[in-house]
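The structure under discussion is supplied below as C-alpha cells; questions concerning it will follow.
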Amino acid sequence: MSRLAEGAMARSAIGPESAALVRTTLRFFANDLRVTFFRRRNQLLLLVAALFPLLIGIGLKLSMPHGGGGRGPSASGAAYFSQLAGNGVFLTFVALSLLLILVLPVVIGVVAGDSIAGEAGYGTLRYLLAVPAGRTRLLAVKYATIVVWAVAATFVVSVIALVVGVALFGAGPVTLLSGTTVPLADGLVHVLWVTLYVCAAMAAFGAIALAISTFTEHAIGAIAAAMIIVVASEVIDNIPQFAPVAPYIPTHWWLSFDSLLRAPIDTTTLWHGLLSFAVYAVVFLSIAWARFTSADVTS
C-alpha cells in the first residue's frame, strides 16, 4: 500500500509542475511577442509592407486607360489586371503576388534571422536558457513568434490591399481566373484562403531563416543568408534549364495561390504547394533543433 501511495503522490506532483511549466512558457511566448511587435525596426517593416498595397493600387489606377488612350499596366500584372479593372478585390492578389517576390520575405526574414542570432549577439541567449523551459521549448517559442509575425504581416498586406482596392476600383461579384463569377461574399472567402496560403509559405520560409539563425551570432549574416536563398531560388525558378529541379526549391510554389482562384479549385497544385511548405518547415526546424540543442552557448 505504501508503494501505491507513493506512486499516487508522484503522479499528483507532476500536474502542478507541468502547469507551472506551461505558464512559464506562455509568459515567455507573450513577452517574446511583445518584444517583436513593439520593436521600432519591426514596426517600420510593417508600415512599409502596409504602404506597398497603397502605392500599387494608386499606380494601377493611374495606369488604367482613359477613354481610348493611355497605356495599360506591364505584363507582370496582366494575370489579374483585367479583373482588377472591374473589381478592387483583385488588388489583394496583385499585391500579394508582387510583394512575395521580395518585400514579404524581407519582413519575415529580418525577424526570423534575428530570433536566435540576435539574442546571441546581444549576449542575452544564455539568460533566456535560464528559463525552466529548455532549449527545445525556447526554440518552439521563437518559431511560434515567427509564425504569428508572418501571419500578421501577410494579413496587413491583404487587408490594406482589399480596402484600397475597393476604395479605388469598387467591389462586386468576383470573376475568378477560370471565368466563373461568384458573389462578393464568396470572393472574400477566396481572399481569406489565398491569404492563409501565403501565411503558410512565409511560415515555411521562417523555419529556414530560423535554422540559419542557429548557426551564427550575427543577425545580419543570418538575414542576408536567408534573403540570398530567396533570390537564388527565384533565379533558378526562372531559368528553363533548371525546370526539373524547380518544384523542389523553396519559392517555386509561393505564387501557386492562383489555384484557389479557379472553380473548381486546382487541388493538385494546391496540395503540392502546401506539402512543399510542410516539408521545408519540418526539415529546417529539425536542423534548427539539432543545431541549437547541441551547440555550446556562451553568449
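The values are calculated or read from the model by the stated rules, or taken from the named source; none is laboratory data. These numbers come from a predicted model, not from an experiment. No Cβ is skipped: glycine too gets one built from the backbone with ideal geometry, and neighbour counts run over all protein chains shown.
Take residue 29 and decide whether it is within 28 Å of residue 136 (Cβ to Cβ), out of contact with any His (no Cβ under 6 Å at 6 or more places or on another chain), modelled with pLDDT of 90 or more and assigned to a helix (DSSP H, G or I).
When the stated conditions are applied, residue 29 passes them.
Considering 205, 257, 215, which residue is over 30 Å from residue 136 (Cα atoms), among the aromatic types (Phe, Trp, Tyr), buried (at least 16 other Cβ atoms within 10 Å of the Cβ) and in contact (Cβ under 8 Å) with a residue 12 or more places away in the chain?
Step by step, each of 205, 257, 215 is checked, and only 257 is over 30 Å from residue 136 (Cα atoms), among the aromatic types (Phe, Trp, Tyr), buried (at least 16 other Cβ atoms within 10 Å of the Cβ) and in contact (Cβ under 8 Å) with a residue 12 or more places away in the chain.
Does residue 144 qualify as being among the small types (Gly, Ala, Ser), part of a helix (DSSP H, G or I), modelled with pLDDT of 95 or more and surrounded by 18 or more Cβ atoms within 10 Å (Cβ to Cβ)?
For residue 144, the condition - among the small types (Gly, Ala, Ser), part of a helix (DSSP H, G or I), modelled with pLDDT of 95 or more and surrounded by 18 or more Cβ atoms within 10 Å (Cβ to Cβ) - is not met.
Please work out which residue is farthest from the chain's Cα centre (by Cα), limiting yourself to the stretch 158-178 and to residues that are within 30 Å of residue 279 (Cα to Cα) and not in a helix (DSSP H, G or I).
Restricting to residues being within 30 Å of residue 279 (Cα to Cα) and not in a helix (DSSP H, G or I), the top hit is 178.
For residue 127, indicate whether it is modelled with pLDDT under 95, surrounded by fewer than 24 Cβ atoms within 10 Å (Cβ to Cβ) and of a type in the set (Ser, Thr, Tyr).
Criteria met by residue 127.
Please work out if residue 295 is in contact (Cβ under 8 Å) with a residue 40 or more places away in the chain, closer than 21 Å to residue 149 by Cβ and either surrounded by fewer than 22 Cβ atoms within 10 Å (Cβ to Cβ) or not hydroxyl-bearing (Ser, Thr, Tyr) (or both).
no
Of all residues in the stretch 32-54 being among the hydrophobic types (A, V, I, L, M, F, W, C) and under 24 Å from residue 135 (Cα atoms), which is modelled with the lowest pLDDT?
Filtering first and then ranking leaves 35.
Where residues in the stretch 147-161 are surrounded by 22 or more Cβ atoms within 10 Å (Cβ to Cβ) and touching a residue at least 60 places away in the same chain (Cβ under 8 Å), which of them is farthest from residue 30 (Cα to Cα)?
The residue in question is 161.
Let me ask something else about it. Condition first: not small (Gly, Ala, Ser) and not in a helix (DSSP H, G or I). Now tell me which residues in the stretch 258-296 satisfy that.
Of everything in the stretch 258-296, those that are not small (Gly, Ala, Ser) and not in a helix (DSSP H, G or I) turn out to be 262, 264, 265, 266, 296.
Related question: Which residue out of 216, 195, 181 is farther than 19 Å from residue 165 by Cβ and either β-branched (Val, Ile, Thr) or more than 21 Å from the chain's Cα centre (by Cα) (or both)?
216
Restrict the check to the stretch 109-123 and report whether at least one residue is touching a residue at least 60 places away in the same chain (Cβ under 8 Å), under 19 Å from residue 273 (Cβ atoms) and outside any helix (DSSP H, G or I).
Within the stretch 109-123, not a single residue is touching a residue at least 60 places away in the same chain (Cβ under 8 Å), under 19 Å from residue 273 (Cβ atoms) and outside any helix (DSSP H, G or I).
When residues of the stretch 260-285 are filtered for being at pLDDT below 90 and surrounded by fewer than 16 Cβ atoms within 10 Å (Cβ to Cβ), how many remain?
3
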